[in-house]
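*Asks:* I am attaching a structure below and will ask some questions about it afterwards.
Coordinate-derived values only; no laboratory data. Treat the numbers as computed from the prediction; the structure is a model and nothing was measured. Every residue, glycine as well, gets a Cβ built from its backbone with ideal geometry; the counts of neighbours run over all protein chains shown.
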Amino acid sequence: MEARRTSRDSSRSSSLTIGERICAAFIPLVSIAEVVALAVGSCCEKRARRDKKGRCYRFGDVNRLASETRFTSNEVEALYELFKKLSSSIIDDGLIHKEELQLALLSTPKGENLFLDRVFDLFDEKKNGVIEFEEFVHALSVFHPYAPVEEKTSFAFRLYDLRQTGFIEREEVRQMVLAILKESDMKLSDELLEDILDRTFADADADKDGKINKEEWKAFVLRNPTLLKNMTLPYLKDITTVFPSFIFNTEVEE
């Protein structure tokens, strides 16, 4: 019986498309959507307050951010409430520290996590070790339903380009897949992991130089759209209509 089960599992694995296999590496992006939903719900239960440094955003700042992203002014205000919630979870200073992002995404502020490190680095535009509100809005804009596929594709590419060389190398994909599967409590045999890598690079690495450049990545994503499945968060479009109290609880000043 065990042999038949192993055979069935092997058959099922071999029947997966390349896109479905490597898409497993994007599973944790779903947790970002969950964090948004939970934090939004919590924010609606009580009136938001200023952070301890008294930071607030004026309408001019809100409108500017709206013009720079896919969000409306009301959605930017709602995101400010969410930002204050996340940025005060450990250190109430109006900035999101890596420990706070890790607590939100992984439910623990401690421990090393390659996926978390990459997400934090991409949010931290200024590379100063914290996420400011403008950076938070810019990064989440990529996950907006109205954000173009090109932006989502670029974000996903940079997520895997661990060494920031402008290429995705086999070892980088291996490290990301292993790190993400570990956090997801999923296991793959070494043989299946190598098979995923072999098939992925056979399909994506058009010039067969052992690495995936940006153009090859774009073509690969077009052939395997499931890779970007979790790069869109519907909550971001409906945040003010589902939770209208944001509009009344905002501390944005005129």
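*Asks:* With no solvent and one point per C-alpha, what does the Debye sum give as log10 I(q)/I(0) for segment 92-174 at q = 0.10, 0.11, 0.24 Å⁻¹?
*Replies:* Per q value, in the given order, log10 I(q)/I(0) is -0.26, -0.32, -1.28.
*Asks:* For segment 136-205, what is the relative contact order in percent, using Cα pairs closer than 8 Å and at least 6 residues apart in sequence?
*Replies:* It rounds to 18 percent for segment 136-205.
*Asks:* How would H138, H144 line up from fewest to most surrounding beta-carbon atoms within 10 angstrom?
*Replies:* Ranking H138, H144 by Cβ neighbours within 10 Å, fewest first, gives H138, H144.
*Asks:* How big is D for segment 66-225, in µm² s⁻¹ as a whole number, if Stokes-Einstein is applied with the Kirkwood radius of its Cα pairs at 10 °C and 1.306 mPa s?
*Replies:* The diffusion coefficient I find is 92 µm²/s.
*Asks:* Using a Cα distance threshold of under 23 Å, what count of lysine pairs results for segment 70-199 when pairs must be 8 or more residues apart or interchain?
*Replies:* 18
*Asks:* Further question on the same structure: Expressed in nm to one decimal, what extension gain is obtained for the pair D121 and R174 from 0.36 nm per residue of sequence separation less their Cα-Cα distance?
*Replies:* 17.2 nm
*Asks:* Something else: Grab the Cα-Cα distance for Y146 and R199, subtract it from 0.36 nm times how many residues apart they are, and report the gain in nm with one decimal.
*Replies:* 15.9 nm
*Asks:* In nanometres, what is the gap between the two model label sites at H138 and R163, each 7 Å from Cα along Cα-to-Cβ?
*Replies:* Roughly 2.6 nm, to one decimal.
*Asks:* Still on this structure: Taking R0 as 22 Å, what's the FRET efficiency between L222 and L188 from their Cβ-Cβ distance, rounded to 0.05?
*Replies:* 0.30
*Asks:* Using a basic spin-label model with each label point 7 Å from the Cα along Cα→Cβ, how many nm lie between K110 and S67?
*Replies:* Here the answer is 4.8 nm between the modelled labels.
*Asks:* Right, next: How big is segment 70-115 on each of its three principal axes, counting only the C-alpha atoms and giving the largest first in Å?
*Replies:* Here the Cα extents, ordered largest to smallest, are 37, 23, 13 Å.
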